[in-house]
Amino acid sequence: MRKLFIIALCCLPVFVLSQPKTLTAVKTLQPPRIDGNPDDAIWQQAPVATDFMQYAPSYGAPVSAKSSVKILYDNEAIYIAAYLYDDPQLIRKQITARDGEQQQDVDYFSVFFDTYNDQQNGFQFLVTTANVQTDAKLTVTATASFNQYGDKTWDAVWESKVQIKSDGWTVEMRIPYISLRFSKKDIQTWGIQFLRYIRRNNEQEYWNPVNPNMNGFVNQFGKYTGLKNIQPPLRLSFYPYLSTGARINEKGNDLGTQWLRSGGMDVKYGINESFTLDATLIPDFGQVVSDDVINNLTPFEQKFNENRPFFTEGTELFNKAGLFYSRRIGAVPSGYYDVVDLATDPNLKIIRNPSVTRLYNAIKLSGRTKDKLGIGVLNAIAAPMYATVLDRTTGMKNKIQTSPLTNYNIVVLDQALKGRSYITFTNASTIRQGSARDANVSSLDISLYNKSNAYNIKTWGRYSKVFPLNAHDGFNTGLKFGKVGGRIQYYVQGDVKSTRYDPRDLGFLQTSNIVTYIANASYHQYTATRNFLNYSYTLNANWQRIYRPGAANQFIVTANAFWFFKNFWDVELTLGETPVQHDYFVLFRAAQNVFVNRPAYGFAELQGSTDSRKKLFFSYDWMQALFFNTSDKYYHKAEFSLRYRFSNKVSMQLAHADEREDNYIVNAYDWINGQYVTESNGDPIVGFVNFKDVTTTMSGIYSFTPRLNLNFRLRHNWSKVPYQGFADVDAGGNTITRSPIAGLDQNVNFFNVDAFLSWDFKLGCNLTVGYKNWIGNTYAIDGIKYQRYLNNFSRSFDATHGNEFTIKAIYFLDYNQLRKKN
């Protein structure tokens, strides 16, 4: 009996830790004053959250400083007051841009809400010691790891104030209901979580314990019970904008000066307590960072980041099936480069050729019902685009359509099931005016977890249809099963993409006609040991074959080790080998069973970084081919990044990347005429190139105040591609040397400067002054005369440049505030 008592006593802490902490909601009739000083008498009524538990760097260890959090609510908002005890001399206070606290020298506090109590979705609101705000939307994929809590592209309007005290720092927050979504019930229970981050020792503390051995984050929140009679407000707000500026020498094609002027409005309307309609009328997306364009030698499309706010804020639901690549909307018109090629004709002059498709409008409808059904609809209409070309002989101006009127639409139904399980239906369609290509893709995704969230099984099925011209259809299906919690994790996965599966009209896919099998096993040490804060080891095997003709494509096996040391340095080592590599994609002729044998190889990659708390922070990535099964091959990649923090307001970063390979096989390409080179009978020709790709990026930020920031970024990319030889390909994928082809060598330079002065002069209101500079003709620098990187970089300033200067003002108008004033 005594033994049973001892066993029960030992199990009690585990049982207690597994039960979520609870706070009882208290409603106030008098809202507290938001000034960062939580001394209002009304705070005495609030329940208190204390006894935080350390998540990192050592899970379960005692926290280094006490924290006390209070919460109240009324008919309009949720109020948070936190007293974060500490030595004020040790508190880190760097000023950053909004959503920019990552790896910066700053402490912060955050609150999380799971307003539907579905353990899958939620909201985050974070405030730093410099009163810089971050907010994010959480989904089922959110984790407790540092700065991976959710999608930070979502921005809400809310208030915060902080103060530094003699025994720590305090923060007060007011989060209005217009910035949240919740169901309409008389009595509600929300999930809730508090986080404190102490920068000097990289300490993450959670109020409700978060176990790193358990999969998921939102499912480990505490509970906020007894919310009574809160009425979702009429969520109606307007964001009118005006912008002006000038663009000089766009794309380097001597078009002269183009005056830019635009005006429009974004509207957010809460249709009911759970659903919000976002609309943008005559959107202007000019003030975004330039793309990191490269000289792409692969047969696969380069994927770019989305920087336009409308397509980054609150779009996580639309890409749950991976069918939404928002850069398709408003992309370069499909006929743009056809018009550019006309410039080689001396009898023609390009008067106008827009490089971006104009949008008439775009709308998003999203929300979740009380039965945990998420619904999302996104629709955008792109205007028809035209180029104007002058015929010098006749004096006539010809109008050429480069893109038809296009409607993009995506619909998502996402049913949250018990625990973290879900089932999602997605449909994406693209309809173009006239006989141009239309497309439709549908997907069903199912993810099921067991009760402890330790095991997961996923399956998906997708069907694509393209019509009316060159109509074709295809499918993608797969199954994944694995253990996703605990120290030992593993999974097996199979994925099939048929020959003509094509979701690219609104989605992104590098290649179809591929079958992939993956087996992965890993070991994770989450708690600190004598020498490490944490570490992990992973083995992965990936085998690919072509769907049709059903032949082997590639096999790669890797072993990875990651160590996070107690001095907060980290090192990651990867060893890999590819014994089989039959490339069916480089020549675009997999359907004809034409492929190229690439040499088998082994490689090693070493990555790591120093302590990011220090003023000087260094990271690196070195990859080296250890061997090839041929003697004339060489490969290496070297990247490093150096960041220095001059003060709490100023920091700069320099990044450099160098990648080189000898005798890399490419599909021989005539870049002057814009076409692949073939034999007279149409057979493909491959080239062997000794390419060099070097990129330097310099960026910096000067934060005058938490709401006034100057960001600067300069990027130069040099790609030198000299051909060493040419060959035909036999039926077995072997190369047969042929005579040289002159004039195919490339020497490409991309150069961009982006600078933005951003001022949030009022809650939700912003004024941005932007400047851009870029190279027009990327091939203008002589690669034979200037064979070194610094020569190309210096000559970049002599090439034809484009310049753009813009000013844009956005004002926030909330219907509820306007009504009160009236």
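For the stretch 729-755, give me each residue that is surrounded by 16 or more Cβ atoms within 10 Å (Cβ to Cβ) and over 23 Å from Phe793 (Cα atoms).
Passing the criteria: Val729, Gly733, Thr735.
Of the residues Glu661, Glu577, which single one is assigned to a strand (DSSP E or B), over 30 Å from Arg199 (Cα atoms) and open to solvent by 60 Å² or more (accessible area, probe 1.4 Å)?
Only one candidate qualifies: Glu577.
What single numbered condition from (1) under 28 Å from Asp760 (Cβ atoms); (2) acidic (Asp, Glu); (3) open to solvent by less than 40 Å² (accessible area, probe 1.4 Å) fails to hold for Asp39?
Tallying (1) under 28 Å from Asp760 (Cβ atoms); (2) acidic (Asp, Glu); (3) open to solvent by less than 40 Å² (accessible area, probe 1.4 Å), Asp39 fails exactly one: (3).
Here is a yes/no grid of residues against (1) closer than 23 Å to Val496 by Cα; (2) open to solvent by less than 70 Å² (accessible area, probe 1.4 Å):
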| residue | (1), (2) |
| --- | --- |
| Ala428 | yes, yes |
| Gln433 | no, no |
| Ala436 | no, yes |
| Asn440 | yes, yes |
| Ser447 | yes, yes |
| Lys458 | yes, yes |
| Arg462 | yes, yes |
| Phe467 | yes, no |
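Is at least one residue of the stretch 1-23 hydrophobic (A, V, I, L, M, F, W, C), more than 25 Å from Ile198 (Cα to Cα), assigned to a loop (DSSP other than H, G, I, E, B) and modelled with pLDDT under 90?
Within the stretch 1-23 (the criterion being hydrophobic (A, V, I, L, M, F, W, C), more than 25 Å from Ile198 (Cα to Cα), assigned to a loop (DSSP other than H, G, I, E, B) and modelled with pLDDT under 90), the answer is yes, since at least one residue qualifies.
In the stretch 295-337, which residue that is among the aliphatic types (A, V, I, L, M) and touching a residue at least 40 places away in the same chain (Cβ under 8 Å) is most open to solvent (accessible area, probe 1.4 Å)?
Among those that are among the aliphatic types (A, V, I, L, M) and touching a residue at least 40 places away in the same chain (Cβ under 8 Å), it is Leu297.
Might you check whether a residue that is more than 17 Å from the chain's Cα centre (by Cα), over 25 Å from Asp51 (Cα atoms) and not in a loop (DSSP other than H, G, I, E, B) occurs anywhere in the stretch 144-164?
Scanning the stretch 144-164, I find at least one residue that is more than 17 Å from the chain's Cα centre (by Cα), over 25 Å from Asp51 (Cα atoms) and not in a loop (DSSP other than H, G, I, E, B), so the answer is yes.
Tell me which residues, restricted to the stretch 802-822, are outside any loop (DSSP other than H, G, I, E, B) and without any contact (Cβ under 8 Å) to a residue 24 or more places away in the chain.
Gln817, Leu818, Arg819, Lys820, Lys821
Would you confirm whether or not the stretch 273-294 contains a residue that is modelled with pLDDT of 85 or more, acidic (Asp, Glu), over 30 Å from Asp670 (Cα atoms) and crowded, with 17+ Cβ neighbours inside 10 Å?
Yes.
Look through the stretch 648-658, keep the residues that are among the polar types (S, T, N, Q) and open to solvent by 50 Å² or more (accessible area, probe 1.4 Å), and return whichever of them is farthest from the chain's Cα centre (by Cα).
Top of the filtered list is Asn648.
Kindly establish whether Ile230 is under 29 Å from Arg358 (Cβ atoms), aliphatic (A, V, I, L, M) and out of contact with any Lys or Arg (no Cβ under 7 Å at 6 or more places or on another chain).
no
Pairs please, first residue from the stretch 554-567 and under 14 Å from His524 (Cα atoms), second anywhere and open to solvent by 40 Å² or more (accessible area, probe 1.4 Å) and among the charged types (D, E, K, R), Cβ atoms under 6 Å, 6+ apart in sequence or on different chains.
Short answer, once both residue conditions are applied: Phe562/Glu572.
Of all residues in the stretch 338-355, how many are within 30 Å of Ala279 (Cβ to Cβ) and either open to solvent by 90 Å² or more (accessible area, probe 1.4 Å) or charged (D, E, K, R) (or both)?
1
Might you let me know whether the stretch 713-728 holds any residue that is open to solvent by 20 Å² or more (accessible area, probe 1.4 Å) and over 25 Å from Asp658 (Cα atoms)?
So far as the stretch 713-728 goes, yes, one or more of its residues are open to solvent by 20 Å² or more (accessible area, probe 1.4 Å) and over 25 Å from Asp658 (Cα atoms).
Consider Leu573 against the criteria (1) in contact with a Lys or Arg (Cβ under 8 Å, 6 or more places away or on another chain); (2) of a type outside the set (Asp, Glu); (3) within 30 Å of Arg200 (Cα to Cα): it satisfies all of them except one. Which criterion is unmet?
Single failed check for Leu573: (1).
If you check Ala246 against the conditions, is it in contact (Cβ under 8 Å) with a residue 24 or more places away in the chain and within 28 Å of Ser429 (Cβ to Cβ)?
It is false that Ala246 is in contact (Cβ under 8 Å) with a residue 24 or more places away in the chain and within 28 Å of Ser429 (Cβ to Cβ).
Which residue, of Pro346, Pro333, is under 27 Å from Ser262 (Cα atoms) and part of a loop (DSSP other than H, G, I, E, B)?
Pro333
Working carefully through the options Ala799, Ala780, find the one that is outside any strand (DSSP E or B), open to solvent by 50 Å² or more (accessible area, probe 1.4 Å) and of a type outside the set (Phe, Trp, Tyr).
Just a single option satisfies the conditions, and that option is Ala780.
Does Thr388 count as among the β-branched types (Val, Ile, Thr), at pLDDT below 95 and part of a strand (DSSP E or B)?
yes
Hey, can you tell me all the residues within the stretch 100-138 that are open to solvent by less than 10 Å² (accessible area, probe 1.4 Å), farther than 24 Å from Ser619 by Cβ, in contact with a helix residue (DSSP H, G or I) (Cβ under 9 Å, 6 or more places away or on another chain) and aromatic (Phe, Trp, Tyr)?
Residues satisfying the conditions are Phe112, Phe125.
Any idea which residue in the stretch 165-196 is farthest from Tyr73 (Cα to Cα), counting only those that are open to solvent by 10 Å² or more (accessible area, probe 1.4 Å) and part of a strand (DSSP E or B)?
By that ranking, first place goes to Lys165.
Kindly state which strands (runs of 3 or more DSSP E) lie completely within the stretch 40-122 and contain at least 1 residues that are at pLDDT 95 or above and within 24 Å of the chain's Cα centre (by Cα).
Once the strands (runs of 3 or more DSSP E) in the stretch 40-122 are filtered for at least 1 residues that are at pLDDT 95 or above and within 24 Å of the chain's Cα centre (by Cα), what remains is 108-114.
Among the numbered criteria (1) buried (at least 19 other Cβ atoms within 10 Å of the Cβ); (2) modelled with pLDDT of 95 or more; (3) closer than 30 Å to Asn219 by Cα, which single criterion is violated by Tyr537?
That leaves (1) as the condition not met.
Please state which of the following conditions Ile271 fails to meet, knowing it meets all the rest: (1) more than 23 Å from Asp99 (Cβ to Cβ); (2) within 22 Å of the chain's Cα centre (by Cα).
Evaluating Ile271 over (1) more than 23 Å from Asp99 (Cβ to Cβ); (2) within 22 Å of the chain's Cα centre (by Cα) leaves (2) as the failure.
Among (1) in a strand (DSSP E or B); (2) closer than 24 Å to Gln581 by Cβ, where does Tyr523 come up short?
Tyr523 satisfies every listed condition except (2).
Residue by residue through the stretch 580-598, note down the ones that are open to solvent by 30 Å² or more (accessible area, probe 1.4 Å) and either under 23 Å from His636 (Cβ atoms) or among the charged types (D, E, K, R) (or both).
Selection gives Val580, Gln581, Arg589, Asn597, Arg598.
The values are calculated or read from the model by the stated rules, or taken from the named source; none is laboratory data. A quick note: this is a predicted structure, and the numbers were derived from the prediction, not measured. Quick reminder, even Gly has a Cβ in these numbers, built from the backbone with ideal geometry, and neighbours come from all protein chains shown. These accessible areas exclude ligands, DNA and RNA; they are computed on the full protein's heavy atoms, side chains included. Shrake-Rupley method; radii C 1.70, N 1.55, O 1.52, S 1.80 Å.
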